[in-house]
Amino acid sequence: MEQIFLDWARQIHKEHPVVDAHFDLAAEVYERRLAGERNVVEKRYLPCFRQAGLNVLVSSIYVSDRDLPEQGLRRALGQIAALHEDLEPVKDQICVVTSKKGLEQALWEKKIAVLLSLEGLDPLGSDLMLLRIFYDLGVRGAGLTWSRRNAFATGCCKAGEFREIPGGITELGREAVRQMEALGMWVDVSHLNLDGFKDLCACAEKPFIASHSNAWEIHPNYRNLKDDQIEAVAARGGVIGVNACTLLAGPDLEQLCRHAEYLAARAGENCVGIGLDLCRGLYETTPRIHFETENDDLLAHHGEMEQFTAMLLACGMREEAIIGLLGENFLRFFRQVLPET
């Protein structure tokens with residue numbers, strides 16, 4: 001990578017908003033704190049966040065198969081509590097926000113604003129009344145399901161598989177969408193299967209996002225979006241976040257740039273953002289039978305976002321489009337959907 005593009009990229013990151021719409025921070029913090037570690041974000045992530053010029057981070061609340069169904073609710077609540085506790089010593093630098101006012105204040109004070117989103121409504125079981133509890137705890141977005149079936153919808157296959165899974169959104173799932181929209185929560189279609197996506201288009205009345213999905217045409221995978229899905233997200237005013245997992249993007253940053261370019265061409269430059277889905281840290285903390293850990297991340301950490309930006313510049317993407325992709329587009333969306341106070 002030529003130095004001129006790296007210098008240009010660093011300047012963009014310094015002067016413009018940077019948003020990552022999907023990172024399993026709460027899940028990792030929870031696991032590390034269970035193991036006795038403290039100040040996880042401060043020690044492991046803040047330097048890289050600062051290097052990237054990160055302004056807004058969406059932390060997913062992710063519950064693994066091993067904890068469902070009995071421990072799902074406990075784990076989800078534990079992740080929210082663990083993240084708040086871990087951020088307390090560095091609240092002058094990074095904090096959870098729940099409203100447009102809180103977001104703007106964090107940006108003004110040059111803090112990193114963290115938004116919470118459920119990666120699937122699995123912790124609710126089949127009790128939709130619990131949705132309001134999560135909202136009151138600060139959760140502002142949710143996918144109906146992860147890559148599995150629950151009481152609300154059927155997910156697509158996992159990223160390492162390649163098979164179409166039938167089954168759409170249930171009636172309870174439709175009611176969940178109605179309640180989320182009424183509360184002021186965004187709906188996330190990443191991990192939803194093809195039937196479920198069609199059902200959501202039929203029942204949703206507000207914009208929705210795909211926080212961490214790429215383009216099927218560039219890399220066929222059921223976790224990625226086909227052209228009609230890309231256009232549907234864009235037509236409703238949503239945003240699609242490019243995902244830096246090799247299983248979804250391909251082998252290198254050049255391929256990730258092709259996803260960004262393709263999504264911008266199909267959806268429009270105002271409808272593409274970043275949802276890196278960097279999973280190495282969570283993989284390292286997750287109990288497993290086999291001791292080897294997966295590493296499917298194209299970036300080692302958030303600080304390497306500058307390299308992706310530099311490659312986009314080298315590939316000829318317009319600076320205005322890159323500024324939107326880096327953060328302006330998701331920031332605009334969050335400003336639209338978050339409650340005022």
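Read the figures in this text as sums done on the coordinates, not as results from a lab. Computed from a prediction, not measured in an experiment: that's the story for all the values here. Because the Cβ atoms are built from the backbone with ideal geometry, glycine has one as well, and the counts that use them run over all protein chains shown.
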Task: Relative contact order (%) - criterion: Cα under 8 Å, at least six apart; region: the chain - done: 20 percent
Open item on the list: Cut-off is 10 Å between beta-carbons; in what order do T309, T286 appear when sorted fewest neighbours first?
Closed with: T286, T309
Task: Residues with amide H under 5 Å from that of I61, placed H, sequence gap 5 or more - done: S117, L118, E119
- [ ] Using +1 at the Cβ of each Lys and Arg and -1 at the Cβ of each Asp and Glu in the chain, identify which of G78, C201, L225 lies farthest towards the dipole's positive end.
- [x] G78
Open item on the list: Of all beta bridges DSSP finds with both residues in the stretch 3-337, what is the antiparallel percent, to the nearest 5?
Closed with: 10 percent
Open item on the list: Apply the Karplus curve 6.51 cos²θ - 1.76 cosθ + 1.60, θ = phi - 60°, to the phi angles in the stretch 234-244 and return the couplings in whole Hz, x for Gly and Pro.
Closed with: 5, 4, 8, x, x, 9, 10, x, 5, 10, 8
Open item on the list: If you average the C-alpha positions of the stretch 255-287 and of the stretch 50-97 separately, how far apart do those two centres end up, in angstrom?
Closed with: 20 Å
Open item on the list: Could you list C315, C156, C257 so that the one with the fewest beta carbons within 10 Å of its beta carbon is first and the one with the most is last?
Closed with: C315, C257, C156
Task: 19 Å reach of a label modelled at L34, 7 Å along Cα-to-Cβ, counting backbone N of the stretch 82-100 - done: 82-87
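From the C-alpha gyration tensor of the stretch 106-198, pull out the three semi-axes of the equivalent ellipsoid (sqrt of 5λ each), sorted largest to smallest, in whole Å. Present the calculation step by step, with values, prior to reporting the outcome.
On the way: eigenvalues 127, 57, 21 Å².
Each semi-axis is √(5λ); the values are 25, 17, 10 Å.
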- [ ] Work out from phi, with θ = phi - 60° and the Karplus expression 6.51 cos²θ - 1.76 cosθ + 1.60, the ³J(HN,Hα) of each residue of the stretch 90-106, listed in order in whole Hz, and give x for Gly and Pro.
- [x] 10, 5, 7, 10, 8, 7, 6, 10, 10, 8, 4, 4, x, 4, 5, 5, 4
Open item on the list: Computed from the coordinates I sent, semi-axes √(5λ) of the Cα gyration tensor in Å equals one of (i) 90, 24, 12; (ii) 27, 24, 20; (iii) 64, 32, 17. Tell me the label.
Closed with: (ii)
Open item on the list: Strictly greater than 14 Å: what percent of every Cα pair in the stretch 1-68 meets that?
Closed with: 69 percent
Task: Helix-only CD estimate at 222 nm, as mean residue ellipticity for the chain, using -39500 (n - 2.57) per DSSP H run (n ≥ 4) - done: -12000 deg cm²/dmol
